[in-house]
Amino acid sequence: MPILMDEQNRIFTIHTKHSTCQMAVGQYGHLLHVYYGKRIPACDMAATDININNRTDAGSSNVDGAVDLRYLLTYYDRGFSGNPNDAGIDRTYSLDALPQEYPCFGTGDFRSTALQIRNADGVSSCDLRYQSARILDGKYGIPGLPAVYVDSASSASAQTLEIVLEDRVLGVEVTLLYGVLSDSEVITRAARIRNCGREKVYIEKAASCCVDFLYGDFDLIHFHGRHGMERQPERSPLIRAEQVLQSRRGASGHQQNPFFILASREAGETQGECYGFQLLYSGNFKGEVSVDQYGQTRALLGLSDELFSWELRPQETFDTPEAALVYSADGFESLSDEYHSLIRRHVCRGIWKNKRRPVLINSWEAAYFDFDADKLVQIAKQAAALGVEMLVLDDGWFGKRDSDNTGLRDWYVNEEKLGCPLGEVAERINALGMKFGLWIEPEMVSEDSDLYRAHPDWAFAIPDRAPVRGRNQLVLDFSRKEVVDGILEQISAVISRANIAYIKMDMNRHLSDIYSLTAREQNQGATLHRYMLGVYDFLERLGARFPEILIEGCSGGGGRFDAGMLYYTPQIWCSDNTDAVERLRIQYGTSFGYPIPAVGSHVSAVPNHQTGRSTDIATRGVVAMAGTFGYELDLNLITEAEKEIVRRQIRDYIKYSGLIREGHYWRLSDPMKNEEYTAWEFSSEDGSDALLNLVRTGAHCNSPVEYVRLRGLVPDGWYRLEETESTSCDRREKKPGNAILANEKKLYPGSALMSAGLPVPWMDGEYRAWQVHVVRER
């Protein structure tokens with residue numbers, strides 16, 4: 001059993017295949033964190049009790065398949081670290097020094113805490129003590145919020161541990177939820193806060209998880225960015241101070257991601273201990289990592305406490321978002337693999353979760369706002385002839401919308417602009433053998449729109465203040481059910497009148513002017529979280545009404561790229577930056593926490609519309625195959641030679657889509673450091689084949705030969721190498737490194753390909769791509 005409970009000693013142990021987490025109730029009822037790390041199996045013989053500092057609760061015995069690790073806890077008289085009143089004259093017990101599972105503000109712990117509650121008199125204090133615990137079969141869910149799940153179609157099983165803590169003075173009860181799946185190394189965490197008292201209280205802060213490390217010299221790896229350059233990894237040593245990662249933008253944001261890693265100093269792709277912290281939430285978040293005065297590290301992740309205050313009336317309950325934690329003893333590679341598997345199998349839902357996504361062409365960079373039905377059909381005809389499977393009509397099909405300054409939120413089809421009803425456009429596209437998709441942006445509104453003129457109160461605006469605009473638009477108040485209902489009905493009416501197979505749901509500004517007309521005056525602090533609950537409600541109901549439709553998330557590209565959104569949309573547009581060279585870094589950083597099928601990636605026009613850089617179309621195709629794959633240009637405007645390359649790319653993507661979608665993903669180089677090339681690989685579960693991808697990013701005179709080592713092969717297997725049709729490296733050139741593929745009948749041992757590697761072939765110029773299918777023959 002993965003969860004073990006020693007009721008007599010009040011010790012709780014969670015095992016995955018390779019990790020152990022243990023917590024225990026302290027002498028005065030506080031829930032202490034004991035250990036999280038490499039799995040510690042039960043000993044064959046119970047060890048004798050160990051008495052540390054004369055404390056009877058510090059033993060090391062084999063209890064029901066778990067080792068009692070409380071001997072790790074130490075107790076000393078620490079100056080200026082207070083002691084709970086229960087301890088009397090015992091100065092060795094201080095919550096300012098002890099590791100805790102869910103620390104609260106007001107207990108003498110002066111570090112960052114997971115929970116802060118204010119009573120009606122304005123006093124902030126909470127003291128949680130252990131009440132009860134139980135183990136349940138199955139995985140808990142969270143009302144109105146995304147959460148890891150196990151469905152009947154899965155062979156996996158799950159268990160839930162509930163630990164109930166209470167503050168008897170406040171009448172507040174906190175249930176800590178832990179979930180563990182049989183096919184995963186992930187431990188999920190969430191908290192459920194209930195007001196069991198007679199007076200209302202205010203939750204000022206509620207993290208989803210806290211982990212206290214007694215020791216460890218960690219680096220913090222986080223993923224920063226900006227619009228068009230999201231999720232750039234940055235690694236730095238922890239210092240003896242608080243380091244905060246957060247978004248206060250109303251969305252998880254381009255600038256930070258609700259995912260970070262704590263890694264030992266020696267940790268790399270294939271070695272060293274590391275811990276992943278990922279939040280399944282798409283709104284404001286806060287991650288905190290601090291090293292305290294005694295060298296202990298505390299990591300917190302959950303809702304941001306800025307602009308947050310939740311009024312909890314008697315008998316009401318508040319649920320935090322869920323956090324997913326992963327421990328790896330073998331570096332980032334294993335940690336990423338666990339997150340990829342978790343999201344693909346137990347976060348994404350619906351009929352598209354395990355299916356190949358259609359190869360699509362999006363109208364945005366092909367036409368922007370300048371189109372009619374005939375132009376769209378013209379784009380689709382050429383695309384269909386080359387093998388593209390779907391055309392997506394982006395912004396500009398509704399209301400008075402010939403620029404991004406007007407018409408947003410008037411969800412009726414502009415038939416005058418199109419020249420016909422939307423349903424007829426879909427029929428003409430379908431007649432070419434293609435599916436039809438549509439762009440929407442339901443959360444935003446233009447002031448120059450019929451809806452805003454009719455319902456100005458539906459937009460966020462602070463009374464007596466002029467609103468802040470973003471992209472010349474305002475934000476609709478999705479914390480109000482009537483607003484969500486109204487938008488859902490209007491968009492559903494449009495979808496119902498056309499054969500729409502795909503929706504791209506965008507969000508092109510962040511939130512300011514946070515004021516809801518329907519919120520109680522004292523509870524404006526709940527508005528941002530209620531807004532996110534409204535977005536999730538919209539997506540849940542839209543998906544239920546149109547379960548066959550593939551929905552892609554988007555927020556100016558990757559401004560809301562998180563596991564919470566993937567619960568509702570199985571893929572997200574990775575970045576508005578479609579430059580293939582820039583995408584190497586964006587997709588590299590994204591891969592640490594998110595699987596390839598979640599990454600929206602397209603081949604776009606050159607010179608690139610964001611950077612002005614020109615790259616070979618074959619290279620653009622290889623880079624875009626590390627995602628859902630599609631096109632963002634007018635294929636009528638490329639050369640005949642390029643059209644033939646497009647045909648080959650689509651054939652290759654369809655041929656290798658199963659390997660790309662379900663295989664292991666390997667980062668073979670670090671583009672943040674390696675200026676010569678960027679390489680990545682997909683390999684099948686059984687090592688029967690792999691797809692090697694490499695882009696040359698540096699070109700030098702008389703340059704040395706580079707070597708790339710493969711991963712995921714069978715060491716004693718023998719492999720044949722064959723270039724795909726999409727490669728842009730011409731092996732017929734008699735240059736260094738090309739001879740390895742001159743004879744495709746030659747076989748190479750898997751051990752050699754992984755240990756010695758392959759020489760990178762000569763490439764004439766920068767930004768040329770090499771793609772090789774590695775096939776096991778025996």
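The values are calculated or read from the model by the stated rules, or taken from the named source; none is laboratory data. Note that the structure is a prediction, hence the values are computed from the model and not measured. Quick reminder, even Gly has a Cβ in these numbers, built from the backbone with ideal geometry, and neighbours come from all protein chains shown. These accessible areas exclude ligands, DNA and RNA; they are computed on the full protein's heavy atoms, side chains included. Shrake-Rupley method; radii C 1.70, N 1.55, O 1.52, S 1.80 Å.
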- line: Inside region 120-145, the number of residues satisfying the requirement of being open to solvent by 40 Å² or more (accessible area, probe 1.4 Å) and more than 30 Å from L539 (Cα to Cα) is 12
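Condition check ((1) in contact (Cβ under 8 Å) with a residue 40 or more places away in the chain; (2) part of a strand (DSSP E or B); (3) of a type in the set (K, R)) across all residues:
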residue: D464; (1), (2), (3): no, no, no
residue: L474; (1), (2), (3): no, yes, no
residue: S492; (1), (2), (3): yes, no, no
residue: A519; (1), (2), (3): yes, no, no
residue: R541; (1), (2), (3): yes, no, yes
residue: E548; (1), (2), (3): yes, no, no
residue: E552; (1), (2), (3): yes, yes, no
Looking only at region 394-444, and only at residues there that are of a type outside the set (D, E, K, R) and in contact with a Gly (Cβ under 7 Å, 6 or more places away or on another chain), the one that is surrounded by the most Cβ atoms within 10 Å (Cβ to Cβ): F398
query: within 22 Å of D394 (Cβ to Cβ), hydroxyl-bearing (S, T, Y), surrounded by fewer than 23 Cβ atoms within 10 Å (Cβ to Cβ) and in contact (Cβ under 8 Å) with a residue 24 or more places away in the chain: does that describe T611?
result: yes
- request: Examine region 472-487 for a residue that is open to solvent by 70 Å² or more (accessible area, probe 1.4 Å), within 24 Å of P547 (Cα to Cα) and either out of contact with any Gly (no Cβ under 8 Å at 6 or more places or on another chain) or β-branched (V, I, T) (or both), and state whether such a residue exists.
  value: yes
- line: Restricting region 168-200 to residues that are of a type in the set (D, E, K, R) and buried (at least 23 other Cβ atoms within 10 Å of the Cβ), the one nearest to E7 (Cα to Cα) turns out to be R189
message: So, D562, is that one more than 30 Å from D537 (Cβ to Cβ) and charged (D, E, K, R) or not?
response: no
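Conditions tested, residue by residue: (1) more than 21 Å from L165 (Cβ to Cβ); (2) under 41 Å from the mean Cα position of the chain (by Cα); (3) at pLDDT 95 or above; (4) open to solvent by 70 Å² or more (accessible area, probe 1.4 Å).
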position	(1), (2), (3), (4)
H30	no, yes, yes, no
I50	yes, no, no, yes
L72	yes, yes, yes, no
D86	no, no, no, yes
L95	no, yes, yes, no
Q100	no, yes, yes, no
Hey, A380 touching a Leu at 6+ places or on another chain (Cβ under 9 Å), of a type in the set (A, V, I, L, M, F, W, C) and without any contact (Cβ under 8 Å) to a residue 60 or more places away in the chain or not: yes
- prompt: For I343, which of the numbered conditions (1) open to solvent by 10 Å² or more (accessible area, probe 1.4 Å); (2) out of contact with any strand residue (DSSP E or B) (no Cβ under 7 Å at 6 or more places or on another chain); (3) touching a residue at least 24 places away in the same chain (Cβ under 8 Å) fails to hold?
  reply: (1)
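In the list I261, I221, I239, I203, which residue meets the criterion of being of a type in the set (V, I, T) and surrounded by fewer than 18 Cβ atoms within 10 Å (Cβ to Cβ)?
One residue alone meets the criteria, I239.
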query: Regarding S282, is this residue open to solvent by less than 40 Å² (accessible area, probe 1.4 Å) and under 15 Å from the mean Cα position of the chain (by Cα)?
result: yes
query: Do the conditions hold for E311, that is, is it open to solvent by less than 20 Å² (accessible area, probe 1.4 Å), at negative phi, out of contact with any Leu (no Cβ under 8 Å at 6 or more places or on another chain) and assigned to a strand (DSSP E or B)?
result: yes
- prompt: Only one of these conditions is not met by K400: (1) of a type outside the set (A, V, I, L, M); (2) in a loop (DSSP other than H, G, I, E, B); (3) free of Cβ contacts under 8 Å to residues at least 40 places away in the same chain. Which number is it?
  reply: (3)
message: Can you report the number of residues in region 494-517 which are of a type in the set (S, T, Y), closer than 30 Å to G630 by Cα and either in a loop (DSSP other than H, G, I, E, B) or touching a Phe, Trp or Tyr at 6+ places or on another chain (Cβ under 7 Å) (or both)?
response: 0
Index of the failed condition, Y588 passing every other in (1) surrounded by 24 or more Cβ atoms within 10 Å (Cβ to Cβ); (2) within 17 Å of E681 (Cα to Cα): (1)
